[in-house]
Amino acid sequence: MPLYSKKEILNLKLNSIKSKELRVLAENLGISTKGSAAEIIKRILEMKPQPPENIVDVYIKSIFRQSIQERKELISDDDLKNELSKVKSFSWGTKQGELDQKIQKDFVRIYCHYDDLVSHVEATLFKDVTNYVICSWYNYWTTVYIEEHIGMHPKVIPTIKNIKGIDIFFDGQPFDLKISYVPRNYNIDEAVKNPLNLAVWMYENQGAERFGADNRLFFILLDKDNTNKSWELKRDFDLIFSKIDSFFSKEKVSDSDEIVFSYKGKSYTAITKVLLITK
């Protein structure tokens, strides 16, 4: 995917703003707030001498800052860190997205007596579901906290509402954020030696239901001494934030970041950058 033009980027930024907040921006810019969100965006893009991208960026940041404040009113940074520290193990119990299939296959269609069903659910499924929920909870809140930090970096503009394949804008380009771990079946030494090859592998081995060829920014976490404990790195926020801040401060985006990957017989291109965070 080629690099986006400045006007294309501004259009994407405006589309990331919720309709109510977009009307406030238009009013601040002296633009008519009548009509649909698409009509308002069109009027902003047609402003002369040029659309005020810096004003849009500052406005998006202010909305994002408010969303962080709302989260802090729900749970403070220190309390969130303390809660995440309570997770002592990380085992899904069942594959992500396959819980209903497991329930049907291993319980619903196996046991025809109620008491047998309940006893087996209590003996096995309860633990699996608990582990699944804890892993999902841990992934969600660690990601929220990391993405809040990323979104407030001076060189990053976050999206305010969901846009498929875009979480942030960095160095004038859109990126889908992927905070993940080195897959179990991937060679660790190769991942450390050439993280970009790992990114290509992850593009080529993504699930069909979530396939995308969008520009991606991979933050890969790896405990080199014990890969099974890489999940604990995701709550080592001091380390992660230090690495992320250094990355954004130094990196630039250019055509040299373009990679080519294959998926189901077709070839795709994307702008991709990788940060391997190791311990």
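The values are calculated or read from the model by the stated rules, or taken from the named source; none is laboratory data. Given the structure is predicted, the values throughout are model-derived calculations rather than measurements. Using ideal geometry, Cβ is built from the backbone for each residue, glycine included, and neighbour counts are taken over all protein chains shown. Keep in mind that these areas ignore ligands, DNA and RNA; they rest on the heavy atoms of the full protein, side chains included. Shrake-Rupley method; radii C 1.70, N 1.55, O 1.52, S 1.80 Å.
Every condition in (1) closer than 24 Å to N162 by Cβ; (2) among the hydrophobic types (A, V, I, L, M, F, W, C); (3) open to solvent by less than 50 Å² (accessible area, probe 1.4 Å) is met by I31 except one, and the failing one is (1). Somewhere in the range 84-102, is a residue modelled with pLDDT of 95 or more, open to solvent by less than 50 Å² (accessible area, probe 1.4 Å), among the hydrophobic types (A, V, I, L, M, F, W, C) and outside any loop (DSSP other than H, G, I, E, B)? Yes, the conditions are met somewhere in the range 84-102.
Output yes when any residue across the range 203-215 is free of Cβ contacts under 8 Å to residues at least 60 places away in the same chain, over 29 Å from P2 (Cβ atoms) and either open to solvent by less than 30 Å² (accessible area, probe 1.4 Å) or not in a loop (DSSP other than H, G, I, E, B) (or both), and no when none is. Among the residues of the range 203-215, not one is free of Cβ contacts under 8 Å to residues at least 60 places away in the same chain, over 29 Å from P2 (Cβ atoms) and either open to solvent by less than 30 Å² (accessible area, probe 1.4 Å) or not in a loop (DSSP other than H, G, I, E, B) (or both), which makes the answer no.
Taking the range 259-276, which residues are open to solvent by 20 Å² or more (accessible area, probe 1.4 Å), touching a strand residue (DSSP E or B) at 6+ places or on another chain (Cβ under 7 Å) and of a type in the set (S, T, Y)? It would help to see each step written out before you state the result.
Going through the range 259-276, the residues open to solvent by 20 Å² or more (accessible area, probe 1.4 Å) turn out to be 260, 262-269, 274-276.
From what is left, the residues that are touching a strand residue (DSSP E or B) at 6+ places or on another chain (Cβ under 7 Å) are 260, 267-269, 274-276.
S267, Y268, T269, listed by residue number.
Evaluated against (1) over 25 Å from F175 (Cα atoms); (2) open to solvent by 70 Å² or more (accessible area, probe 1.4 Å); (3) at pLDDT 95 or above, Q66 falls short on exactly one condition, (1).
Against the criterion of being part of a strand (DSSP E or B), open to solvent by less than 70 Å² (accessible area, probe 1.4 Å) and touching a Lys or Arg at 6+ places or on another chain (Cβ under 7 Å), I220 does not qualify. As a summary of the residue check, V118 satisfies the conditions (1) over 30 Å from N228 (Cβ atoms); (2) of a type in the set (A, V, I, L, M); (3) modelled with pLDDT of 95 or more; (4) open to solvent by less than 50 Å² (accessible area, probe 1.4 Å) except for the one numbered (3). The set of residues in the range 160-191 that are farther than 19 Å from S5 by Cα, open to solvent by less than 60 Å² (accessible area, probe 1.4 Å), outside any strand (DSSP E or B) and touching a residue at least 40 places away in the same chain (Cβ under 8 Å) comprises V182, A191. Inspect the range 39-46 for any residue being in a loop (DSSP other than H, G, I, E, B) and open to solvent by 40 Å² or more (accessible area, probe 1.4 Å) and give the result as yes or no. Checked against the condition, which is being in a loop (DSSP other than H, G, I, E, B) and open to solvent by 40 Å² or more (accessible area, probe 1.4 Å), the range 39-46 yields at least one hit. Give the range 144-159 a look and list any residue that's touching a strand residue (DSSP E or B) at 6+ places or on another chain (Cβ under 7 Å) and either over 16 Å from Q66 (Cβ atoms) or in a strand (DSSP E or B) (or both), or say none. The answer is I146, I150, K155, V156, I157, P158, T159.
Hey, among the residues in the range 230-258 that are among the basic types (K, R) and open to solvent by 70 Å² or more (accessible area, probe 1.4 Å), which one's nearest to S5 (Cα to Cα)?
K252
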